[in-house]
Every structure is written in structure tokens, then in C-alpha cells.
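K.L.:
Have a look at this one before I ask anything.
The values are calculated or read from the model by the stated rules, or taken from the named source; none is laboratory data. What you are looking at is a predicted structure, and each value in this text was computed from that prediction instead of being measured. A quick note on method: Cβ atoms are made from the backbone with ideal geometry, for glycine too, and the neighbour counts reach across all protein chains shown.
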């Protein structure tokens with residue numbers, strides 16, 4: 001016979017996030033990215049003894065795309081008199097799994113201003129968050145504090161901290177990015193608490209047509225979830241297309 005058990009405190013932030021995210025009804029779009037040039041860039045970095053993940057390339061590309069379309073870098077504050085907050089900076093929140101109190105939980109790396117950072121600086125932040133244990137990571141100090149709070153108080157604190165759009169973008173990003181590295185999983189449709197969220201799939205060799213010929217290229221599906229209350233589909237499609245174009249034609253250092 002089944003029984004109730006306590007909700008894991010290590011996942012309390014996800015619970016608080018989902019309660020807030022229910023206010024957003026995101027629309028999703030999906031595109032396919034040719035990662036041939038990204039693979040070439042990875043090999044160049046590897047020859048210099050540096051590993052750069054596809055996720056770092058994607059974060060950089062999305063940040064550049066959002067800088068090109070600043071009208072998408074906004075947050076809607078929902079109330080009886082809704083207001084739109086225009087952000088003056090691009091911030092990314094990269095999500096990944098980490099061991100927290102003996103179990104797996106999704107945590108996040110804050111990457112401020114990735115449109116102005118070089119690729120290796122982004123990768124350095126990602127490596128730090130991935131390699132540093134949850135208990136020792138200074139960037140997760142606020143998360144550890146939230147986990148120690150009673151659920152009712154954590155819910156109030158989370159709502160208070162993310163209430164103002166500027167602070168929400170600092171905490172939860174102008175956009176979020178995560179990647180599902182299971183080759184059979186071709187897409188995941190994310191929930192969001194801000195305006196833009198991206199999910200990349202694993203890289204899979206895929207037959208595509210180029211110049212009338214079928215060739216095999218490394219490809220990634222990229223899903224965008226966007227808040228239709230904030231932006232229209234045309235602008236969302238332009239942002240997604242520009243992100244893909246930058247990755248397709250990668251020419252950054």
C-alpha cells in the first residue's frame with residue numbers, strides 16, 4: 001500500500017518555479033541546426049587543449065540573437081494593469097542536473113552578459129558550475145538558502161525575489177537554455193517563467209539536402225518556448241532563426 005513521503009527539499013526551488021510558471025502559457029517553436037561549423041570550431045579549440053561544449057556555442061548564439069532583437073528582451077508584469085519591462089542587458093540561465101543532498105536536481109548557472117563575453121569565458125562559467133559541488137559553489141549560495149527554508153516561507157521568498165522584472169531577469173535570465181543529451185529524445189517543450197526558453201537536443205548525424213545532394217550533417221533540434229503575452233510569433237521566429245543562423249554559419253573566435 002502506498003504512502004506519502006516528504007517532498008525533497010533539494011527540489012523545492014523547482015516546485016516554487018512551477019507554481020509561478022503556471023501564470024505563463026508558452027507557445028513553442030522548433031528548428032533544426034546544422035552544427036558542422038560548430039564541430040569544426042570545437043576541433044580547433046580541442047587542438048589547443050580546450051573543450052567547448054555545444055551548450056556554450058548555443059548560449060553565445062542566442063545572446064547575440066537577442067542583442068539583435070532587443071524588443072524580445074522584455075518581461076510582462078502581470079497585474080490588473082499589466083506593464084512591459086524593457087531590459088537593458090542580456091542574461092542567460094543555463095540549466096543542468098547536479099547532485100543535491102544525495103539526489104539529482106536541476107540547478108542553474110547564471111551567465112551575465114553572454115553577448116559581450118567570448119566563448120571561452122562562457123565555457124569557464126559552465127565548467128565551474130558543473131565541476132564544483134553543490135555545497136561549495138558560491139553561485140548556488142542563494143539556492144542553498146532557499147532549500148533550508150520551510151516550504152511556505154521559501155514560496156514567499158521566491159515570489160518576492162522574482163516579482164520585479166529586472167530582478168527576475170537577473171535570477172532567471174532574459175532567456176534560459178538547457179540541453180537533453182539523449183539521442184532518441186528529439187525535442188522537449190519547456191515551461192518558462194520569463195519570456196524566452198531554449199532547449200537543445202543531442203547532436204545526431206542527419207541526412208539533409210545541400211545543393212541538390214543528400215549529405216549527412218551533425219544536427220541539433222532547438223526548441224523555443226516564448227510568452228505570447230510578451231511577444232508575437234513573428235518576432236519569436238526571427239529570434240530563433242537568427243540563433244540557428246549564427247550556429248549554422250559559426251564564425252566567432
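K.L.:
Output the number of residues of region 214-236 satisfying the condition of being farther than 25 Å from residue 22 by Cβ, in contact (Cβ under 8 Å) with a residue 24 or more places away in the chain and surrounded by fewer than 23 Cβ atoms within 10 Å (Cβ to Cβ).
P.N.:
Within region 214-236, residues that are farther than 25 Å from residue 22 by Cβ, in contact (Cβ under 8 Å) with a residue 24 or more places away in the chain and surrounded by fewer than 23 Cβ atoms within 10 Å (Cβ to Cβ) number 4.
K.L.:
Would you confirm whether any residue within region 229-252 is assigned to a strand (DSSP E or B), within 20 Å of the chain's Cα centre (by Cα), modelled with pLDDT of 95 or more and closer than 15 Å to residue 38 by Cα?
P.N.:
In the first step, residues of region 229-252 are kept if they are assigned to a strand (DSSP E or B); the result is none.
Within region 229-252, none of the residues are assigned to a strand (DSSP E or B), within 20 Å of the chain's Cα centre (by Cα), modelled with pLDDT of 95 or more and closer than 15 Å to residue 38 by Cα.
K.L.:
It is to be established whether one or more residues within region 41-63 are outside any helix (DSSP H, G or I), free of Cβ contacts under 8 Å to residues at least 60 places away in the same chain and over 17 Å from the mean Cα position of the chain (by Cα).
P.N.:
yes
K.L.:
I would also like to ask the following. Restricting attention to region 112-131, does a residue exist that is assigned to a helix (DSSP H, G or I), more than 30 Å from residue 253 (Cβ to Cβ) and touching a residue at least 12 places away in the same chain (Cβ under 8 Å)?
P.N.:
no
K.L.:
So which residues in region 102-136 are surrounded by fewer than 13 Cβ atoms within 10 Å (Cβ to Cβ) and at positive phi?
P.N.:
102 - this is the single residue of region 102-136 that is surrounded by fewer than 13 Cβ atoms within 10 Å (Cβ to Cβ) and at positive phi.
K.L.:
Another question about this same structure. If I filter region 82-98 for residues that are buried (at least 19 other Cβ atoms within 10 Å of the Cβ), at pLDDT 95 or above and assigned to a loop (DSSP other than H, G, I, E, B), do I get at least one hit?
P.N.:
The answer is yes, given that some residue of region 82-98 is buried (at least 19 other Cβ atoms within 10 Å of the Cβ), at pLDDT 95 or above and assigned to a loop (DSSP other than H, G, I, E, B).
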